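For reference, the structure is listed below as structure tokens.
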Amino acid sequence: MLSIAIVDDEEAALKELKDALVRYFSENKIEDYFIAEYRDGRELLDTYDGKFDMIYLDIDMTDVNGLKTAKTIRNAGDDTAIVFVTRLARYAVKCYDFNAWDFIVKPINYFSFAVKLGKLLRHIAKNERKRIKIECGQDVHFVDVNDIYYVEVQKHALLYHTAQGEIRSWGSLKDAIDQIGDKGFCSCNRCYYVNLRYVSAVNDNVVTVRGDKLEISRNRKKSFMTSLASYFGQGDNR
């Protein structure tokens with residue numbers, strides 16, 4: 001399901017944006033979507049958990065404005081597509097300081113809006129990703145599963161080896177597997193869950209993942225090698 005947040009402290013502007021989205025989805029026969037409405041940046045941040053595919057964010061809001069909201073989201077490591085909405089075109093340059101996907105000038109021109117939304121939806125479809133939330137004490141990290149090299153279990157702790165560095169959390173390897181899913185991942189033993197895209201070599205009972213050498217257990221070697229061969233399109237390696 002496509003999940004969208006729209007944030008604006010003006011009811012009329014909020015309705016205009018929602019109506020434009022609903023019109024686009026109706027015209028393009030898109031039915032599987034959800035639109036969440038927020039009246040200011042603080043309302044969004046108070047409940048934000050990285051679940052949205054895109055966020056339409058008004059810049060000029062009282063209390064927590066759009067730029068502050070975007071900064072908080074980006075500082076949390078979240079790269080959700082943000083489209084800024086503003087009445088002042090001069091704000092456009094600032095938008096890209098927050099790695100924004102695009103910006104829209106109020107009042108909305110539907111044709112321009114539809115073109116930009118179409119491009120964004122094609123980008124999302126092409127780069128379909130799954131993000132997970134990893135809690136570490138009071139810290140929360142939003143991580144794209146494609147950025148996870150492997151997950152290591154250490155007693156009752158989980159160590160996520162990622163492109164953003166190591167993230168420690170609590171739980172079992174099963175918890176991590178249930179959250180990440182099995183697409184492109186496989187266990188090489190009871191202590192490691194490996195992202196197959198980062199495997200660079202297998203030597204005997206050792207797999208090299210992003211430079212780290214991990215043991216492949218005897219009872220999981222066949223399934224691991226089969227998964228690896230399938231991932232790289234080589235068929236079943238028996």
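The values are calculated or read from the model by the stated rules, or taken from the named source; none is laboratory data. Not measured: the values here are computed from a predicted model. All Cβ positions, glycine included, derive from the backbone under ideal geometry; neighbour counts span all protein chains shown.
Inspect region 16-27 for any residue being surrounded by fewer than 19 Cβ atoms within 10 Å (Cβ to Cβ), touching a residue at least 60 places away in the same chain (Cβ under 8 Å) and among the basic types (Lys, Arg) and give the result as yes or no. Within region 16-27, one or more residues are surrounded by fewer than 19 Cβ atoms within 10 Å (Cβ to Cβ), touching a residue at least 60 places away in the same chain (Cβ under 8 Å) and among the basic types (Lys, Arg). Residue selection: VAL140 satisfies the criterion of being touching an Asp or Glu at 6+ places or on another chain (Cβ under 9 Å) and closer than 30 Å to TRP101 by Cα. Among the residues of region 218-228, just one is exposed (fewer than 15 other Cβ atoms within 10 Å of the Cβ) and either small (Gly, Ala, Ser) or in contact with a Leu (Cβ under 6 Å, 6 or more places away or on another chain) (or both), namely SER223.
Scan region 1-49 residue by residue and report those that are of a type in the set (S, T, N, Q) and farther than 24 Å from ASP79 by Cβ. Give the steps one after another, and end with the answer.
In the first step, residues of region 1-49 are kept if they are of a type in the set (S, T, N, Q); the result is 3, 26, 28, 47.
Once the filter is applied, which keeps residues that are of a type in the set (S, T, N, Q) and farther than 24 Å from ASP79 by Cβ, region 1-49 yields SER26, ASN28.
Contact map, region 69-91: first residue in contact (Cβ under 8 Å) with a residue 40 or more places away in the chain, second residue of a type in the set (Ser, Thr, Tyr), Cβ cut-off under 8 Å, separation 6 or more or different chains; pairs are VAL85/TYR56.
Conditions tested, residue by residue: (1) among the basic types (Lys, Arg); (2) free of Cβ contacts under 8 Å to residues at least 60 places away in the same chain; (3) touching a Cys at 6+ places or on another chain (Cβ under 6 Å).
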position	(1), (2), (3)
LYS106	yes, no, no
LYS116	yes, yes, no
GLN138	no, yes, no
HIS141	no, no, no
VAL145	no, yes, no
TYR150	no, no, no
GLY184	no, yes, no
CYS188	no, yes, no
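Of the residues making up region 198-208, just one is surrounded by 20 or more Cβ atoms within 10 Å (Cβ to Cβ) and either modelled with pLDDT of 95 or more or not assigned by TED's automatic domain parsing to the domain that holds LEU173 (or both), namely VAL207. Against the definition (surrounded by fewer than 14 Cβ atoms within 10 Å (Cβ to Cβ), within 30 Å of ILE148 (Cβ to Cβ) and either of a type in the set (A, V, I, L, M, F, W, C) or over 18 Å from the mean Cα position of the chain (by Cα) (or both)), how does ASP63 come out, yes or no? Answer is no for this residue.
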